[in-house]
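Structure, as structure tokens:
What follows draws every value from the coordinates through simple rules; no lab data is involved. Note that the structure is predicted; figures quoted are calculated from it, not measured. Backbone-built Cβ (ideal geometry, glycine too); neighbour counts: all protein chains shown.
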Amino acid sequence: MRDVTPDTAPPPVKDPRRQRGRLPLMIGTGLLGVAAVGLVVYFGFRADSAQAVGVGLALGLVPLPLLGLFYWWIDRYEPEPRRYVAAAFLWGAGGAAGIALVVNTFLSESLGLTDGQTATFVAPLVEETAKGLFLLATFLRARKVIGGVLDGLFYAGVVGLGFAFIENIIYYSASYLGGPELGISGTQGATATFVIRGVVSPFAHPLFTASLGLALGLAVLTRSWWARVPLVVGGWAGSMLLHGLWNGSLSYAGIAGFALLYLVLVLVFIGFVALAIILRQRQFVVLRRSLSYVADRGWIHPAELPWLTWFGYRAQARRHAKAQGGSEAAAAVRRYQRLATQLAFVHDAVMLGRPGRRGVERTLAIRAEMDALRPQLRLPPAIAPLPRPPVLEAPQYAAPPVPWS
């Protein structure tokens, strides 16, 4: 295998899988934002109480920072495009919530269902389908975006957060206004509902949709369409089942049944969180393994490894660049770090024999962009090589050499 050194590097080429359609996505995201705001305004007029909606909005915002911090944390190694993250949240808040409102109301009234029947048998089907439309469309249209299980869990969680945000505003506002079935109203009513939805079960909607996200992540890694279809259908059914059990426990199972099912859902949630943490740690291992191998090939300098791998060193490199060359130099280092991360994961997939479409071309394209950016870098002085963890002392790749040039 012939190394491709900077002197023999190929001419710059475009990423063959660069996503198109950014403008339509941005326009669609803007429209979803308008739809989400429109839903809040609609409920304000319907309730005829701006104060109730204001209380609902304030309480709905409370759990978002903590839950959002978790999803930001699991996304740090390979950050998803911001436009897709925004679109996912706003689809849940504007698109899925709007669809659920119209369809749930129509089916409930046309079939003459009670609130408990609608919540248990209709809402899970409608809401998980509405939320899942974004995930399915992203899977079919932008396979580069959902590249594995962690991506599927991430986008499922973000869509669920957006949906729960709008739904919580509705419930908190209704509780503030009160009703014959509630017995309390005002601040007491809204607070009681907040304890159930914002404190006890803020993870409910992200958890329900995580089943479909997990299935889509596995489907991405599966080559056979015959295997993908049952995976996706099974994940969708799992989302509806979790949702239906939760709503049914509130409507039919009583306090004991609700407590038992709540415990089960907490264990399922812990399982999903543990899986996300394990996959995130694996990303770190892949990043170090692949970039170490890339450095051995001469594609990057070994002294760059700390500034491309550990978060603390990466931040230090950006601060150094800003001090030496201003904001433009810091932006160049940030871009270089992100490209190195992309290179690591695409290169690792190629070397393990599961590169997806045009993996070698993508690797060379990313590397060419890094080569073009390198003269602008202002990295700190080299530091002593950091020890590799035991898992990296094994043979780097068992796959046969790839003819990169």
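Here are the numbers:
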quantity	calculated
Packing rank of 320-332, 191-203, 158-170, where each peptide gets the mean count of other beta carbons within 10 Å, highest leading	158-170, 191-203, 320-332
Relative packing of peptides 267-274, 87-94, 241-248, 107-114 - highest average C-beta neighbours within 10 Å first	87-94, 241-248, 267-274, 107-114
Relative contact order (%) - criterion: Cα under 8 Å, at least six apart; region: segment 146-238	39 percent
Efficiency of FRET between Ile196 and Arg338 - r from beta-carbon atoms, R0 60 angstrom, step 0.05	0.90
Binned Cα-Cα distance frequencies in segment 200-309 - 5 Å width, integer %	2, 11, 14, 14, 13, 11, 10, 9, 7, 4, 3, 2, 1, 0
Interatomic Cα distance distribution for segment 126-253, bins of 10 angstrom, percent	13, 38, 27, 15, 7, 1
Net +/- balance of residues flanking Ala96 in space, Cβ distance below 15 Å, scoring K and R +1, D and E -1	-2
Fully extended contour minus Cα-Cα distance, from Arg282 to Leu373, at 0.36 nm per residue	30.0 nm
Degrees between helix 123-141 axis and first principal axis of the chain (Cα, 0 to 90, nearest 10)	20 degrees
Value of relative contact order over the chain, rounded to a whole percent, pairs C-alpha under 8 Å and six or more apart	20 percent
Alpha-carbon Rg with Dmax, taken over segment 24-252, Å	17.5, 55
Degrees separating the helix 225-252 axis from the principal Cα axis of the chain, which is the longest one	40 degrees
GNM top mover of Gly312, Gly60, Gly186 - the chain, alpha-carbon springs below 10 Å	Gly312
Global geometry of segment 283-392, whether rounded, prolate or oblate, following the gyration tensor of its Cα atoms and the 1.5 cut on a/c	oblate
Sum of side-chain charges, Ala204 neighbourhood, beta-carbon under 10 Å (Lys, Arg +1; Asp, Glu -1)	0
Size-normalised alpha-carbon gyration radius of the chain, reference 2.2 N^0.38 Å	1.13
Segment 24-252, relative contact order [Cα under 8 Å, separation at least 6], %	27 percent
Angle in degrees between helix 97-111 and the longest Cα principal axis of the chain, rounded to the nearest 10	40 degrees
By average C-beta atoms within 10 angstrom, highest first, the peptides 285-295, 371-381	285-295, 371-381
Fewest-first sequence of Asp75, Asp348 by Cβ atoms within 10 Å of each Cβ	Asp75, Asp348
Cα→Cβ-extended label distance, 7 Å offset, between Ala253 and Ser110, nm	3.1 nm
